[in-house]
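Down below is the structure, laid out as structure tokens.
The values are calculated or read from the model by the stated rules, or taken from the named source; none is laboratory data. Just so you know, these numbers come straight off a predicted model, no measurement behind them. Glycine also receives a Cβ, built like all others from the backbone with ideal geometry; neighbour counts cover every protein chain displayed. Just so you know, the surface numbers come from the protein's heavy atoms only, side chains and all, with ligands and any DNA or RNA stripped out. Shrake-Rupley method; radii C 1.70, N 1.55, O 1.52, S 1.80 Å.
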Amino acid sequence: MVSDNEGRFLVLHEFVKAAKNKLSPNIWDYLVGATETETTLRRNRMAIDTVALRPRVLNDVSKVDASVDFFGHKIRLPVFCAPVGSLESFEAGGGASVAKGAGAFGVPYMLSSVSQPGLEACAEAATGPKIFQLYVRGGDEWVDGIVERAIAAGYDAFCLTVDTAHYSRRERDISKRFIKTWRAANTGMDHQAALSWREVKRFKDKYKIPLILKGIGTGEDAAIACDHGVDVVYCSNHGGRQLDGGRGSLDILPEIVEAVAGRAKIMVDGSFTRGTDLVKAIALGADWVGLGRLYLYALAADGAAGMRTMFEILEDETTKALGLTGVNSFAELNRSHVHLGAPPVTMPHVHSAFPLLGEGY
């Protein structure tokens, strides 16, 4: 049940409208934009839209429960807030506000190492499960220092991003001569470019905290990750912000599920926006789905309170989608509930999940 007493936000696209009204044009473009032709971003949405649901009927679905397990925690939806740099650009509290909003509803968040107010402050603001994500900007000793701080702060897992060996060309920014302050302050990017499976093995040999690799885009690399004992394979193309001309995440997911073969948990992100999107991802083998732009719209619109309301609306969508698909929980979903290769009904776009925006609603 949505708890927004003012009734300001009753459908998800209202957060998009409110965010655009609040954010500067440069930060709005950072939020909605991607790399070069933005093809990968559009293919993320196309991949979701070309999967159709196959509902089963005459099952008792009077008690739908959308909750799942997350590293020993019960969470209300199989989602988490994906890591995003410079959260403070969207709302002054930044990562602390995200921690509060996610915790107030009951889902995890993954904090980016390039968001403020930093590792410890965000952990203190959290009331639920949390993950720390690292962009490598130093050698082994530098990485060890960050990992040990994350363990001391009580993070449930640690994530290495592996698809940013080179920073991409984001033409919305370049065309406006907009240089992000957090990017200008970056040093040590040669360490990210040099990252290899050696560092993954070293991490697993040294630390017990679960390790997530974010940015896996092929079954081949998913298999290698499992061979190295990685706990979670995170299927992601960085929301279309890194390699242009790539595949949509939901198109990649089946080959990753096949390669992992139960040896690790699987995360996925890439334009997942609606309750039906979550049903499709879990039916195809994901364990948890990362949300990026969606929670940022809510954060920009109304801070932590807006995030909680957004999740409540998403939960309402999701429980209805599960029940109408003919299941009572995500555990009951399987490949028989989806049809691949359905014709899309809208042209893929960053907001094509919200067609009413184009009609003035």
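A few notes on this one:
- If the condition is being open to solvent by 90 Å² or more (accessible area, probe 1.4 Å) and within 19 Å of the chain's Cα centre (by Cα), then segment 40-71 contributes R42, R43, D69.
- Taking segment 166-198 as the range and being surrounded by fewer than 17 Cβ atoms within 10 Å (Cβ to Cβ) and closer than 16 Å to A225 by Cβ as the test, the residues that pass are S196, W197, R198.
- K280 under 30 Å from K17 (Cα atoms), open to solvent by less than 30 Å² (accessible area, probe 1.4 Å), out of contact with any Leu (no Cβ under 6 Å at 6 or more places or on another chain) and among the basic types (K, R): yes
- A count restricted to segment 137-165 and to residues that are part of a loop (DSSP other than H, G, I, E, B) and under 20 Å from the mean Cα position of the chain (by Cα) stands at 6.
- The residue of segment 259-303 that is farthest from K214 (Cα to Cα), among those that are of a type in the set (D, E) and part of a helix (DSSP H, G or I), is D302.
- Residues in segment 5-35 that are open to solvent by 80 Å² or more (accessible area, probe 1.4 Å), touching a helix residue (DSSP H, G or I) at 6+ places or on another chain (Cβ under 8 Å) and of a type in the set (D, E): none.
- Flag if E199 is over 26 Å from Y155 (Cβ atoms) and at pLDDT 95 or above: no
- Leading residue by the ranking (farthest from K22 (Cα to Cα)) among those in segment 75-105 that are free of Cβ contacts under 8 Å to residues at least 40 places away in the same chain and open to solvent by 10 Å² or more (accessible area, probe 1.4 Å): G103
- Filter result (open to solvent by less than 10 Å² (accessible area, probe 1.4 Å), in a loop (DSSP other than H, G, I, E, B) and closer than 30 Å to H351 by Cβ) within segment 199-250: S236, G248
- Positions within segment 314-348 being assigned to a helix (DSSP H, G or I) and either surrounded by 20 or more Cβ atoms within 10 Å (Cβ to Cβ) or touching a helix residue (DSSP H, G or I) at 6+ places or on another chain (Cβ under 6 Å) (or both), in sequence order: L314, E315, E317, T318, A321, L322, T325, F330, H337
- Only one of the numbered conditions (1) at pLDDT 95 or above; (2) in contact with a Lys or Arg (Cβ under 6 Å, 6 or more places away or on another chain) is not met by T39, and that is (2).
- V98 vs. criteria more than 27 Å from A222 (Cα to Cα), of a type in the set (V, I, T) and in contact with a strand residue (DSSP E or B) (Cβ under 9 Å, 6 or more places away or on another chain): yes
- The lone criterion from (1) in a helix (DSSP H, G or I); (2) without any contact (Cβ under 8 Å) to a residue 24 or more places away in the chain left unmet by I179 is number (1).
- Within segment 146-176, being free of Cβ contacts under 8 Å to residues at least 60 places away in the same chain and in contact with a Gly (Cβ under 8 Å, 6 or more places away or on another chain) holds for one residue alone: V162.
- Any hit, segment 257-266, residues being in contact with an Asp or Glu (Cβ under 8 Å, 6 or more places away or on another chain) and basic (K, R): yes
- Of all residues in segment 115-134, those that are within 12 Å of H73 (Cβ to Cβ) have Cβ atoms under 7 Å from Cβ atoms of residues that are open to solvent by less than 30 Å² (accessible area, probe 1.4 Å) and among the hydroxyl-bearing types (S, T, Y), 6 or more apart or on another chain, in K130/Y109; K130/Y155; I131/Y155.
- Residue, farthest from the chain's Cα centre (by Cα), within segment 166-176, restricted to residues that are assigned to a helix (DSSP H, G or I) and not acidic (D, E): S175
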